[in-house]
């Protein structure tokens, strides 16, 4: 039996969004250049910009570690083009040592 393994199976692009809480709506505009690469919840040393043609899903994770009731209402998730945004990638690109395999 042949098994197929994909090394990028757990790769995710992440953006931490901090909300104000409370009863008021909040609008968040997040450029794709602000997302960073993580795998299994760990930020990767070798970063690269997000390949927009490879996006297959969008997820929301709550990670505040507080017990108790929680309510999240999402009106919509949409895309828009901002001609004033020219940033390609927001994070520094580090050179990793040659003995590290990627």
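The values are calculated or read from the model by the stated rules, or taken from the named source; none is laboratory data. What you see is a predicted model, and the numbers here were worked out from it, not measured in a lab. Here Cβ is always computed from backbone atoms with ideal geometry, including for glycine, and neighbour counts include all displayed protein chains.
Among residues belonging to the range 9-43 that are in contact (Cβ under 8 Å) with a residue 24 or more places away in the chain and assigned to a loop (DSSP other than H, G, I, E, B), point out the one that is nearest to residue 71 (Cα to Cα).
Filtering the range 9-43 for residues that are in contact (Cβ under 8 Å) with a residue 24 or more places away in the chain and assigned to a loop (DSSP other than H, G, I, E, B), the one nearest to residue 71 (Cα to Cα) comes out as 25.
Can you tell me which of 34, 40 is touching a strand residue (DSSP E or B) at 6+ places or on another chain (Cβ under 9 Å) and either closer than 30 Å to residue 99 by Cα or surrounded by 10 or more Cβ atoms within 10 Å (Cβ to Cβ) (or both)?
Testing whether each residue is touching a strand residue (DSSP E or B) at 6+ places or on another chain (Cβ under 9 Å) and either closer than 30 Å to residue 99 by Cα or surrounded by 10 or more Cβ atoms within 10 Å (Cβ to Cβ) (or both) leaves just 40.
Could you give me the residue pairs with C-beta distances under 6 Å whose first residue belongs to the range 55-70 and is in contact (Cβ under 8 Å) with a residue 40 or more places away in the chain, whose second residue is surrounded by 10 or more Cβ atoms within 10 Å (Cβ to Cβ) and assigned to a loop (DSSP other than H, G, I, E, B) wherever it lies, and which are 6+ apart or on separate chains?
Pairs found: none.
Could you please find all residues in the range 74-87 being touching a residue at least 40 places away in the same chain (Cβ under 8 Å) and either touching a helix residue (DSSP H, G or I) at 6+ places or on another chain (Cβ under 6 Å) or loosely packed, with under 10 Cβ neighbours inside 10 Å (or both)? First the steps, then the outcome.
Of all residues in the range 74-87, those touching a residue at least 40 places away in the same chain (Cβ under 8 Å) come to 75, 80, 82, 85, 87.
Selection gives 75, 80, 82, 87.
Is one or more of the residues making up the range 50-64 within 22 Å of residue 80 (Cα to Cα), touching a helix residue (DSSP H, G or I) at 6+ places or on another chain (Cβ under 8 Å) and in a helix (DSSP H, G or I)?
Yes, there is a match, as at least one residue in the range 50-64 is within 22 Å of residue 80 (Cα to Cα), touching a helix residue (DSSP H, G or I) at 6+ places or on another chain (Cβ under 8 Å) and in a helix (DSSP H, G or I).
Failed condition for residue 44, given (1) closer than 30 Å to residue 23 by Cα; (2) within 13 Å of the chain's Cα centre (by Cα); (3) modelled with pLDDT of 85 or more, with all others met?
With (1) closer than 30 Å to residue 23 by Cα; (2) within 13 Å of the chain's Cα centre (by Cα); (3) modelled with pLDDT of 85 or more applied to residue 44, the lone miss is (1).
Given the condition in a loop (DSSP other than H, G, I, E, B), out of contact with any strand residue (DSSP E or B) (no Cβ under 7 Å at 6 or more places or on another chain), loosely packed, with under 10 Cβ neighbours inside 10 Å and modelled with pLDDT of 80 or more, answer yes or no: does some residue in the range 88-99 qualify?
yes
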